[in-house]
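Here is the structure we will look at.
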Amino acid sequence: MRPLGALSLCLLVFCATCANLGFADTPLVMSYTSPPTAWKEGLLIGNGRLGANICGTSAAMEHLQFNEDTLWIGEPHDYSNPGGPSHLAGIRSGIFAAPPGGAGSMASEMETYFRSIPYRHPPYNPFGDLYIAGHSSVTDYARRLDLETAVSTVEYDSGGKHYTRECFATHPGEAIVVRYTCNTAGGLDTTITLISEGQPSNPSYQAPEVVETVGSDRIKMTGQLTSRRVKGSSVQDIANPLYYEAQVKVINEGGTIYASDTELGIAGATAITVILVARTNFVDFQTVGASALAHARCEADLTALNGLSYSAIESAHIADYQSLFNRCSIDLGDSSTAVRNQSIQTRLSNIWTSTDPDLVELYFQFGRYLLISSSRPGTQPANLQGIWCSQPEPAWECQYTTNINAEMNYWHAEVANLSECAEPLFDMIEDLTTAGHAAATNNYGIGNGWVANHNVDLWRGAAPVNNAYDCSFPCGGLWLCQHLWWHYEYTGDEDFLQNVAYPAMKGAAQFMLDYLIVDPRSGHGGYKVTCPTNSPEWGPYDGYALVASTAMDNEIIREVFSDTIAAAEILGVDADLRTSLTQTLTQIMPDTVGGHGQLMEWPNEQVEDSDGNHRHISHLWALSPGELINRHTPTTFAAARVSLVDRGGLTDAEASANTGWAQAHRFCAWVRLLEGDNAYLALQGLLNNKTTLALMNRGGSTVDDLQIDGNMAGAAGIAESLLQSHAGEVALIPALPSARWTAGSFRGLRARGGLTVSADWTSREVTTATLDASLDREICVRVPATKPIYDVTLTNGTLVPLTANVDGVATFTVQSGNTYIVWFEAHGTPTPTETPTETPTETPTETPTETPTETPTPTPTPTPTPDPDSLVRVTNITRAGYTTDTLYAGHVLYNDRSYIFQDPISLDLVGHVYIRTLNGDKDQNPPTPESHLFTFDVDRRADVYVSLVDAISPPPSWLDDWAFVIGSLQTTDGLRTLYRKGFPAGTVEMGYNHELGMPYGLSMYNVIVVPAVTSAESWMLFE
């Protein structure tokens, strides 16, 4: 935990607003003391569209390898194979007629007549490289990425001078910005170079670009992608109408700037600001603009930044970024000082044996950081590598692999409170309703709806691609629709449901209704099946994957058909379609259990699992990310567990054999099985075996195969260890490991039903929880039954009726705009007649700008009266016969000390803090304990905090049942320890036993009273 610093007294209390929920005491900084040794060790920055890896391998030359999300090989193109419709029936007949293992005879026909033309999608490409000269001889080198600001920093000393480079990718400014400074005036000399990643001598890469300086302060790079690409030994000729341009502008402070033909030099400066912009002429998947469009866009980006200072650009960047990042935080406990002082690489290596909750928190927030940095409204979705790609022929073409990987990138978007970051995925789905309709018609001969298979590219290729064995995955479009329904479930946005989600869901369901065919084979039950299909990315017969029906297909169809029916019912439309979908659901083969209790992957084939450690766990889709297998379906729940054990991932060796994303999927599946210990083992394998020292996920068998899907799914699994909301329940801490994370908290996670949830737990029992509602609905909240829910109230104490409260599950109705407190012990009599005072939760991206007014206190400067409805009134304060009036927040002068309440928040959130300092009577003889009793009245339920001088040991017995909440606080009187306890409305009585030897004249304790809520803003009190 981050130290509280030199402040005399600092109290952190949390509130419901999203603007500043990050834990100030948990450093979310990735720090290193040496340059990266390779690209995979660099630090990633991005604004959603434009990204860079800061990967200079020495202090002598900083290297920013940068990307722009539309720089792909290819052109608008329908990949459909026109032979598909006339050969589909024959392919199906061959699969149905083949003996076990004999469907391979269909491979040639599939590749010739059914898979796409060309048979592979073209790749995403790197854009270019920015080099900034540094120093060859340095000391005290340090680099870091601060996840709370999305700013990367390099610092070092050279020649008696200190140098600093700050770098970030600004979303408001549409640029990458570098600030390079020297602490000595005129001490900065450097060179700026801009080149392309492409090699002019290789015709399969980018065509030769033109690099030239423009005036005295700019470098411009322009080019066009080549019309050829190479994959292995094959060559494909693909037209490429994309033009690209990057510009670098240097703002010089205190020195001289000069230009050569291709680079800029700076001499004698104190600081420089480098602004990089990059664009293409891509318009949409059907349109490429004129070649001049890339240039016009770059000029517009630079013009928009003209006249803005570096600090203004940085401030706008941080405010924009934090409006997303600061919505959500978790605290899983503290790593030891010795562990925190180790390098990230050592901490990753030791994760099997050490306890390092800070590293898990960092990994969780890094997953959120990557999504914010690679997927913003208006950009392309995050691909296999997000937006960071260093190779013209990247692994798996940096596609959107829609048989799991593209979806994994967005598993955490809703639960981790980054809903807007999923908009690019929704935009791609909307594109696919057009491109996928063409594929359905031209490749399948199906005129209704749309289809997507297992890969999609920038041009929205939806036809089957790659080899015959995995090219047909007809449920790719249906799976994508799951995210549309999730967004509606989390937000309740009916406009989105009507205009975005339902049209796509309906189209995907219509295609599948027509694609399904009755299985004619004897003994196969007459079920409707998908054919051809595969269970990604292998099969039951020596790796052959071409079959009729898989558990995964059946599970996706059942869930998305059910969601589509529900959506149509909500909107009151398409009664006939609802009837067709409902009838078809009865004809889909149910999940079946195999000979050793496992879930069958190929139920119609009736073959046992032949590869126990295969990377995919496709047949467990209904467990994760689906929800149809859950604790309420005990038979399939148990069978899924057997299958998950079979597929491995719980040991070092098993995790090492997996890909990174596959290990992350296992982690998420164990979380859904509610087995925290096995989930943690899978997480340890993900961190130890599949994560680079820069926290990048290793997608394949080598370190260089960066894929961010494992990072994203890892973040989702961590979030769902703390909060799940599928299967009709909001479950708090459902999958904690038994020996770790035993105490902690989270703020700002999201649950289905329009809920923002915060909670604290101790000894694996929830102690406080709040739910901010944005919808009117009934909800069920589940907690570990060892400490069941006592009751639920509004923040003003109004009791909320529970329709059920059994076995740790409480059911009640919430209303939009209200905050609900879940109680786990008696807390006084609520006030049911009191009118709720809650106000609607503010829009997440807004930062509260109001400040609470203050009631005049005994200070020279009077202050305004606060809103009484937002306060807990404290009256009749007494000690040893002494009585005073109500004390409000603000400047409080007492015993010649001024206490200042600072950084107040808006009155429509939570109330004010009150402070009272009690002193021993240094001129008296030791008084009796009774003379030191302290009482006061509160008008409604309140949390009372007491800070006790640490010299008093043991603490007074009346503090035995108080909860330790903050830690040690340094005041002018010495070290204090902070305690908390909740009290109902009425009289609060406290006291101490003088026999403990309290020194006279020292402050014994401070009393701070706040409204009894657990969601809060950061409040700071300074002595």
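Key figures for this structure:
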item: Burial ranking of peptide ranges 452-461, 505-514, 670-679 (average Cβ count within 10 Å, highest at the top); result: 452-461, 505-514, 670-679
item: The range 292-380, accessible surface, carbon-and-sulfur percent (1.4 angstrom probe); result: 52
item: J(HN,Hα) series, the range 55-66, from Karplus relation 6.51 cos²θ - 1.76 cosθ + 1.60, nearest Hz, glycine and proline x; result: 9, x, 7, 8, 5, 6, 8, 7, 10, 10, 8, 10
item: Accessible area in the full protein assembly, largest first, 1.4 Å probe, for Glu414, Glu654; result: Glu654, Glu414
item: J(HN,Hα) series, the range 635-648, from Karplus relation 6.51 cos²θ - 1.76 cosθ + 1.60, nearest Hz, glycine and proline x; result: 5, 6, 4, 5, 5, 4, 5, 4, 5, 5, 4, 4, 7, x
item: Probe 1.4 Å, protein heavy atoms only - accessible area per residue of the range 106-199 in square angstrom; result: 32
item: Separation of the Leu802 and His596 label points, Cα + 7 Å toward Cβ, nm; result: 4.4
item: Dipole of the range 611-659 [Lys/Arg +1, Asp/Glu -1 at C-beta], most positive-end residue of His632, Asn658, Ser618; result: His632
item: Listed residues Val248, Val214 arranged by accessible area, highest first, probe 1.4 Å; result: Val214, Val248
item: Å² of accessible area per residue within the range 711-838, as computed with a 1.4 Å probe and no ligands counted; result: 33
item: Coordinate range along principal axes, alpha carbons of the range 586-719, Å, largest first; result: 48, 29, 25
item: Taking only Cα atoms of the range 65-170, radius of gyration then Dmax in Å; result: 27.3, 80
item: Scattering profile of the range 789-830 at q = 0.29 Å⁻¹ [log10 I(q)/I(0), Debye over alpha-carbon scatterers]; result: -1.13
item: Total formal charge among the other residues, if their Cβ is under 15 angstrom from that of Gly46, Lys/Arg +1 and Asp/Glu -1; result: -2
item: Relative intensity, log₁₀ I(q)/I(0), of the range 634-702 from a Debye sum that treats every alpha carbon as a point, q = 0.15, 0.24, 0.25 Å⁻¹; result: -0.43, -0.96, -1.02
item: Heavy-atom surface of the range 261-356, accessible at 1.4 Å and reported per residue (Å²); result: 39
item: Fraction of alpha-carbon pairs over 26 Å apart in the range 317-430 - percent; result: 34
item: Other-chain or far-sequence residues with amide H under 5 Å of Tyr820's (modelled H); result: Leu771, Asp772, Ala773
item: Accessible carbon and sulfur surface of the range 434-555 relative to its total accessible area, %, 1.4 Å; result: 43
item: Per-residue SASA entry for Ile344, accessible area with 1.4 Å probe, Å² rounded to 10; result: 10
item: Per-residue SASA entry for Lys690, accessible area with 1.4 Å probe, Å² rounded to 10; result: 0
item: Set of the range 452-472 residues, backbone N closer than 17 Å to the point 7 Å along the Cα-Cβ line of Glu393; result: 466-467
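The values are calculated or read from the model by the stated rules, or taken from the named source; none is laboratory data. Predicted, not measured: the structure shown is a model, and the values here were computed from it. Here Cβ is always computed from backbone atoms with ideal geometry, including for glycine, and neighbour counts include all displayed protein chains. Ligands, DNA and RNA are excluded from the accessible area calculation, which covers all protein heavy atoms including side chains. Shrake-Rupley method; radii C 1.70, N 1.55, O 1.52, S 1.80 Å.
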